[in-house]
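Have a look at the structure below before the remarks.
The values are calculated or read from the model by the stated rules, or taken from the named source; none is laboratory data. Here the structure is a predicted model, which means the values were calculated and not measured. Cβ: placed from backbone, ideal geometry, glycine included. Neighbour counts: every protein chain shown. The accessibility values were calculated without ligands, DNA or RNA, using every heavy atom of the protein model including side chains. Shrake-Rupley method; radii C 1.70, N 1.55, O 1.52, S 1.80 Å.
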Amino acid sequence: MKISMRAMILDRPGLPLRLAELPLPQPGPGNVLIEVEACGVCRTDLHLQDGELPHPALPIIPGHEIVGRVLALGSGVAGFRIGQRVGVPWLGWTCGHCRFCAEGRENLCDQARFTGYQIQGGYAEYTTADARYCFSLPDAGDAAALAPLLCAGLIGYRALAMAGDARRLGIYGFGAAAHIVAQVARFQAREFYAFTRSGDDASQEFARGLGASWAGSADQTPPTALDAALIFAPAGQLVPAALRHLAKGGCVVCAGIHMSDIPSFPYSILWGERAIRSVANLTRRDGEEFLSLAPRVPVRTTVQAFPLDAANEALRRLRRGELQGAAVLVMRPRELSASSRHSPT
Ligand SMILES: [Zn+2]
Ligand SMILES: [Zn+2]
């Protein structure tokens, strides 16, 4: 077995990631050692790099959409075997006894720790993870295509659930999460209306290709009132913009971990039992539900693959909105050539 690995490290906010050669991590009790096949690049990683998330465990290896193979088991690990493909999500550890954990809301745990933020993540050839928070993944198929399911898919799914039985959905920010949630929404016989940055014709076309009833820019008015709006873009001004398009009783769901300030707005656009809420993290139950639903839709992710050492380029393109679907780091060139757009999951 190798004794060292390559990883991309954030030394401190504001810096680009640094390629480093590190000792192979060892799996402690309850942990698995994973050979990473692919790791998705999430907007949260940009917020981390920009210093918008408090108290990261620096220096940190980002990445919380990890697909890989179990290489070794720490003591006491049950339910996984060597060679099995697993997924590691954002939720990396919870206390198990606080009020929120006890109520089945571990996503709100007061002491929760998160992958690629307080726990070393997947922008690396190997990683370790607490087995209790890992998901089993199908053996077959392209690792890069699976990676975006682990955050974009999961958070999108939780945001969609928050929308209740809303039939007409607005989706603001048509990136990695949106392109997955759109497919689930169509599977559930909902309509969706896609809002992008002004002039982003490519994303609007992408949304129409996934079945959007309408696609336009966020300053445009959709042809019908919306029952709910899911906001995946980190722009606070989208909240009142979305409220203005909501039918009575509708809900705006903010799905990102960070957002610029929300400008003030007249009470009249909230009146009529409209609501605004956020979605925070995920529970393991969300993961199990979504990962069993995804093949039935079936969710087909659009990914753009990058080698590990091009993580800064992937982040830069995400920041500029130059990607359709999701950016994914793949650890081996063999898989880089195999991964493609519209890969089946
Ligand atoms: Zn807890
Ligand atoms: Zn994420």
Whole-number percent relative contact order across the chain, with pairs defined as alpha carbons under 8 Å at least 6 apart: 18
Highest-first arrangement of 226-235, 306-315, where packing means the average Cβ count within 10 Å: 226-235, 306-315
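Take 245, 55 and sort them by solvent-accessible surface of the protein heavy atoms, 1.4 Å probe, largest at the top. List each step's numbers first, then the result.
On the way: 245 30, 55 155 Å².
Descending accessible area places them as 55, 245.
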Under Karplus coefficients 6.51, -1.76 and 1.60, residue-wise ³J(HN,Hα) of the range 87-97 in Hz, glycine/proline x: x, 10, x, 4, 6, x, 6, 9, 6, x, 9
Karplus-derived 3J(HN,Hα), 6.51/-1.76/1.60, for each residue of the range 159-176, Hz, glycine and proline x: 5, 5, 4, 5, 7, x, 9, 3, 8, 9, 10, x, 10, 9, x, 9, x, 4
Estimated inter-spin distance, residue 275 and residue 111, nm [label 7 Å along Cα→Cβ]: 3.1
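Pull out the extension gain between residue 244 and residue 268, defined as 0.36 nm times the separation in residues minus the alpha carbon to alpha carbon distance; nm, one decimal.
Length gained between residue 244 and residue 268: 7.7 nm.
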With DNA, RNA and ligands ignored, accessible area of residue 125 (1.4 Å probe; Å², nearest 10): 30
Reference-scaled alpha-carbon Rg (2.2 N^0.38 Å with N residues) for the range 211-261: 1.11
Under Karplus coefficients 6.51, -1.76 and 1.60, residue-wise ³J(HN,Hα) of the range 287-293 in Hz, glycine/proline x: x, 5, 4, 5, 5, 7, 6
Under the Debye formula (equal points on every Cα, no solvent term), log10 I(q)/I(0) of the chain at q = 0.11 Å⁻¹: -0.68
Accessible area, probe 1.4 Å, largest first, for residues 267, 172: 267, 172
List 271, 214, 90, ordered by accessible area with a 1.4 Å probe, largest first: 271, 214, 90
Dipole magnitude of the range 189-275, debye to nearest 20 (Cβ charges: Lys/Arg +1, Asp/Glu -1, about Cα centre): 180
Cut-off under 5 Å, modelled amide H: who pairs with residue 57 long-range: 118
Where the Cα pairs of the range 236-286 fall when distances are cut into 10 Å bins, in %: 24, 49, 22, 5
Extension gain from residue 20 to residue 6, taking 0.36 nm per residue of separation minus the Cα-Cα distance: 4.5 nm
1.4 Å probe accessible area per residue over the chain, in Å²: 42
Gain on full stretching of the segment that runs from residue 320 to residue 58 - 0.36 nm per residue minus C-alpha separation: 91.8 nm
